[in-house]
Amino acid sequence: MQTRLFSLGSTLKQGLSYFSSISNDDGQSMTEMEEKKQDAYARAGVDIEAGNQLVEAIKPLARATARAGADGALGGFGGLFDLKAAGFRDPILVSATDGVGTKIKLALQMDKHDGIGIDLVAMVVNDLIAVGAEPLFFLDYYATGQLNTETARTVVAGIAEGCKVAHCALIGGETAEMPGMYAQEDYDLAGFAVGAVERGQTLPRQDIKEGDIVLGLASNGLHSNGFSLVRKIIEQMGMDLNTPAPFDGSRSLGQALLEPTRIYVQPVLGAVKTGKVKALAHITGGGLLENIPRILPKGLGVWLSTKSWPVPAVFKWLAKEASISAKDMARTFNCGLGMIVITAAEDAEELMRFFTDVGETIYRVGEVEKNLGDNRISLQGMESSWPC
């Protein structure tokens, strides 16, 4: 394994340097012994030198994500963050972790890895902002059967890019080369982030009430959800990822499906600072029907007008090819809304203008209502407006 924690120099290189002048009882130097060990490790399928090369390649990527409270130096056992330097007075720490799922399989098939790291960051930091927290720092875990340095560097470059968009420092990570666990150059990713919010400012607020307005920020497609189903459809239809997408003729199917997940951090935190946001829901696995109730007080639900926002073509294609009902689509996918915002009726127009001014596409999609049953989300006009 190759640890990538960012503070002072390379742990592995320090270790080799420290033992370089020590010999064993047979007069064999520790350097020679270490080289033999590394040769044995290489025969087992683990390339330590490739790991070292990767660390060197990503140092500048990590430094580029530096922000107040964190620096971008490499190599110790733990990454440090200074909350005071970041401007917090009495913060509550918030943590989140997630992965990218089987979207990685498409990236491997296409040999296109530049957006996967962005996906990883997005899935984690979008969860943090749903409780009003500012993402502070991020760590990743990259596991593979055989380390391809260029692929890994491209993935980490995407992670760094996502961190820059989220204003979140990439302070560490782990590269694990595990032959036998993963097939050859297949890899998996996990991400972990910590954010902070001042005490008393966490979301959802306790004043959500009947008549509050539900707004939806547009997604740019599937984000990183539902790709096991997508891959199954592609396989059953015998589709080529390099042919034009049936729902987007301007791109290949693979390019369209690998569109990176939207990162909502800066516009959403800007909106939160206005004091007009009561609650936020990140729409991922579980779709609209299962994520929105997580932010609602007991006894309240919401109705959504499915005519109030356009359902992206990729979802209609999916529903048609897999024969998925409109309700099941809403239970599984974001269906075009990546983030839900609840606000007071008198603040809705101003909040919509704010999001529009910062470049977001936003829709007024529904309203909070009394609901004492188990089905807390009512989708109005679903069958007529979503002819899936």
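The values are calculated or read from the model by the stated rules, or taken from the named source; none is laboratory data. Please read all numbers here as calculations on a predicted model, not as lab measurements. Don't worry about glycine lacking a Cβ; one is built from the backbone with ideal geometry, like all the others, and counts go over all protein chains shown.
Residues that are within 13 Å of residue 219 (Cβ to Cβ) and not hydrophobic (A, V, I, L, M, F, W, C) were ranked within region 323-345; the one that is farthest from the chain's Cα centre (by Cα) is 336. Looking only at region 287-304, decide whether some residue is within 25 Å of residue 193 (Cα to Cα), within 24 Å of the chain's Cα centre (by Cα) and surrounded by fewer than 18 Cβ atoms within 10 Å (Cβ to Cβ). Checking region 287-304: at least one residue is within 25 Å of residue 193 (Cα to Cα), within 24 Å of the chain's Cα centre (by Cα) and surrounded by fewer than 18 Cβ atoms within 10 Å (Cβ to Cβ). Restrict the check to region 179-189 and report whether at least one residue is over 17 Å from the mean Cα position of the chain (by Cα), within 13 Å of residue 138 (Cα to Cα) and surrounded by 15 or more Cβ atoms within 10 Å (Cβ to Cβ). No, that holds for no residue. Could you tell me whether residue 160 is at pLDDT 95 or above and in contact with a Gly (Cβ under 9 Å, 6 or more places away or on another chain)? Yes.
Residue check: residue 160 meets all listed conditions (1) of a type in the set (Gly, Ala, Ser); (2) part of a helix (DSSP H, G or I); (3) farther than 27 Å from residue 84 by Cα but one, namely (3). Filtering region 246-284 to residues that are β-branched (Val, Ile, Thr) and within 18 Å of residue 351 (Cα to Cα) leaves 265, 268, 272, 274, 277.
Would you pick out the residues in region 334-350 that are of a type outside the set (Ser, Thr, Tyr) and crowded, with 21+ Cβ neighbours inside 10 Å? Scanning region 334-350 gives 334, 335, 336, 337, 338, 339, 340, 341, 342.
For region 207-219, state whether one or more residues are of a type in the set (Asp, Glu) and under 20 Å from residue 304 (Cβ atoms). Yes: region 207-219 contains one or more residues that are of a type in the set (Asp, Glu) and under 20 Å from residue 304 (Cβ atoms).
Checking 331, 353 one by one, the residue that is at pLDDT 95 or above and among the basic types (Lys, Arg) is 353 and no other.
Among residues of region 312-325 being touching a Cys at 6+ places or on another chain (Cβ under 6 Å) and crowded, with 20+ Cβ neighbours inside 10 Å, the one that is nearest to residue 100 (Cα to Cα) is 315. Filtered by the rule that a residue be among the hydroxyl-bearing types (Ser, Thr, Tyr) and either surrounded by fewer than 20 Cβ atoms within 10 Å (Cβ to Cβ) or not assigned by TED's automatic domain parsing to the domain that holds residue 352 (or both), region 217-238 gives a lone residue, 228. For the structure I just gave you, tell me whether residue 381 is touching a Ser or Thr at 6+ places or on another chain (Cβ under 9 Å) and either among the β-branched types (Val, Ile, Thr) or surrounded by 17 or more Cβ atoms within 10 Å (Cβ to Cβ) (or both). No, not satisfied.
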